[in-house]
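Throughout, read-outs are computed from the coordinates displayed, never taken from laboratory work. All values reported here derive from a predicted model rather than from experimental measurement. Every residue, glycine as well, gets a Cβ built from its backbone with ideal geometry; the counts of neighbours run over all protein chains shown.
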Amino acid sequence: MFSYEIHATEGRARAGSFRTPRGVVETPLFMPVGTLATVKALDPDELLGMNAQMILANAYHLHLRPGDELVRSLGGVHRFMGWHGPMLTDSGGFQVFSLASLNKVNEDGVTFRSHIDGSERHFTPESVMRIETNLGADVIMQFDHVIPGQSDEAAARDASERSIRWLTRCRAEFDVLHAAADAPRQTLFPILQGGIHPGLRHEAALRIAAMHRWDGFAIGGLSVGEAKPDMYAMIEVCDAVIPADRPRYLMGVGYPEDLLEGVARGIDMFDCVAPTRMGRNAAALTSDGRVNMRRAEFRADDRPVVEGCGCACCRRFSRAYVRHLVQADEMLGARLLSLHNVHFLIALMREARSRIIAGEFASWSRDWLARYLSKSTSQ
């Protein structure tokens with residue numbers, strides 16, 4: 001049901017196809033994040049219109065509200081939110097360690113209090129597999145132990161080794177759950193941890209790759225406070241060990257420069273809440289850097305947010321109108337900028353794919369990043 005085919009490479013960059021039960025996903029790709037079974041402010045039809053191929057939801061949030069068993073009773077997360085393409089659910093490991101209060105970690109799992117109502121909850125590898133099976137996404141993630149990006153080697157080793165032990169339990173529970181005749185068609189991705197310590201990342205990748213013939217691999221615990229050069233170095237360590245014929249998913253990374261740097265280091269799949277969050281804060285992504293649409297210079301600017309952009313915002317509305325909306329705190333402003341930003345990242349990855357196939361990725365990405373970063377620092 002799941003397979004990956006590489007069509008072209010340039011250096012470490014790859015253009016491939018990830019086959020799932022609900023369709024083929026062309027890589028590299030950016031996956032919009034629909035944490036609560038919605039990509040904030042965007043309709044699923046709008047996502048289809050901008051060529052979104054695969055989206056995310058989050059097991060932690062949907063377990064707390066409205067409840068994963070309710071979602072299952074309503075036909076699973078695809079039917080629940082009206083998205084019928086491939087989906088991935090994050091296990092909630094990051095949220096348990098960042099949003100919840102009073103965390104208590106032991107070998108069994110994590111006890112925490114809900115950030116919504118303060119109720120005490122307990123997640124284990126087994127319970128998270130049941131939650132993600134109830135939700136029914138195509139790709140589900142293991143429950144892992146997430147720590148801050150600058151954690152020392154001892155803390156990073158403890159979290160990485162615990163994540164590997166929890167992965168063994170996730171795999172066992174996944175196999176039991178999916179032996180049932182009515183189980184959804186899913187695959188389980190492991191998550192490579194290890195902080196910013198090359199030896200830990202290398203060791204985790206080797207051990208996890210030897211455990212099972214996984215359909216894909218995720219790299220977690222990055223973009224959580226570490227310096228960008230450290231993140232890029234850890235991607236390179238993992239790239240050297242992860243089997244080349246499986247998709248690689250870099251979790252929680254979605255700024256344009258990080259996407260291109262990740263593709264250059266063998267990453268196939270990305271996700272991030274940044275584009276919609278920036279949209280809600282009046283920021284637009286452009287090839288000339290991030291632009292604050294509240295700026296007075298746009299008050300009478302009749303041009304689109306990005307000239308030549310094919311998104312619905314840029315095809316129909318002016319900078320002056322979008323600025324008016326955000327200045328007036330009208331919800332349409334946040335919606336249009338969220339739509340534009342998600343479209344921008346999806347289109348950037350489609351362009352990266354075409355450049356890899358044409359053998360032009362290295363030169364194109366170098367020039368693109370030089371322009372983007374120089375303009376970003378000057379605004």
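Annotation: cysteines of the chain without a disulfide-compatible partner (Cβ-Cβ under 4.7 angstrom) are Cys170, Cys238, Cys272, Cys311, Cys313. The ranking of His343, His202, His7, His145 by Cβ neighbour count inside 10 Å, starting from the fewest, reads His7, His202, His145, His343.
Excluding same-chain neighbours fewer than eight residues apart, the lysines reachable from Lys228 by a Cα-Cα span under 25 Å are Lys375. When the charge dipole of region 3-272 is built from unit charges on Cβ atoms (+1 for Lys and Arg, -1 for Asp and Glu) and taken about the Cα centre, the candidate among Asn51, Pro256, Gly11 whose Cα reaches farthest toward its positive end is Asn51. Along the chain, counting only GluC sites (Glu not before Pro) with a DSSP assignment other than H, G, I, E or B and at most 10 other Cβ atoms inside a 10 Å radius, the longest segment between sites is 108-306.
Computed with the Debye formula from one identical point scatterer per Cα of region 3-272, without solvent, the log10 of I(q)/I(0) at q = 0.09, 0.13, 0.16 Å⁻¹ comes to -0.37, -0.81, -1.30.
Dipole check for region 131-268: with +1 at the C-beta of Lys and Arg, -1 at the C-beta of Asp and Glu, and the Cα centre as origin, the magnitude is about 340 Debye. The magnitude of the dipole of the chain, with charges of +1 and -1 set on the Cβ of Lys/Arg and Asp/Glu and taken from the Cα centre, is near 720 debye. Modelled spin-label separation between Ala181 and Asp152, with each label point placed 7 Å from Cα along the Cα-to-Cβ direction: 5.7 nm. Rg/Rh for region 315-379 stands at 1.12; both radii use Cα atoms, and Rh follows the Kirkwood definition. Coupling constants for region 75-80 follow from the phi torsions by the Karplus curve (6.51 cos²θ - 1.76 cosθ + 1.60, θ = phi - 60°), and in residue order they are x, x, 5, 4, 5, 4 Hz; glycine and proline get x.
Fully extending the segment from Thr38 to Met1 would add 10.7 nm, taking 0.36 nm per residue of separation and subtracting the current Cα-Cα distance. Multiplying the residue separation of Ala300 and Glu360 by 0.36 nm and subtracting their alpha-carbon distance yields 17.8 nm. The residue among His324, Gly289, Gly279 whose Cα reaches farthest toward the positive pole of the charge dipole of region 279-378, with charges on the beta-carbon of Lys, Arg, Asp and Glu, is Gly279.
Using a simple spin-label model with pseudo-atoms 7 Å out from Cα toward Cβ, Ser98 and Glu307 lie 3.7 nm apart.
Dipole orientation for region 279-378: of the candidates Phe298, Gly308, Gly333, Gly333 has the Cα lying most toward the positive pole (charges on Cβ; Lys, Arg +1; Asp, Glu -1). Distance from the alpha carbon centroid of region 272-320 to that of region 73-124 works out to 33 angstrom.
Have a look at the DSSP beta bridges in region 3-272 and tell me what percent are antiparallel, nearest 5. Restricted to region 3-272, the bridges split so that about 50 percent are antiparallel. Taking the number of Cβ atoms within 10 Å of each Cβ as an exposure proxy, the fewest-first ranking of Ser163, Ser73, Ser223, Ser287 is Ser73, Ser287, Ser223, Ser163.
Loop-located trypsin sites (Lys or Arg not before Pro) in region 132-205 (DSSP state other than H, G, I, E, B) with a sparse environment of at most 13 neighbouring Cβ atoms within 10 Å: Arg185.
What FRET efficiency, computed as 1/(1 + (r/R0)^6) with R0 = 22 Å and r the Cβ-Cβ distance, is obtained for Met211 and Asp245, rounded to the nearest 0.05? Between Met211 and Asp245 the formula returns 0.85. Legend: calculated FRET efficiency, His324 to Asp108, from the Cβ-Cβ distance at R0 = 51 Å, rounded to 0.05, equals 0.40. Panel order for Asp43, Asp182, Asp117, by other beta carbons found within 10 Å of each beta carbon, from fewest to most: Asp182, Asp117, Asp43.
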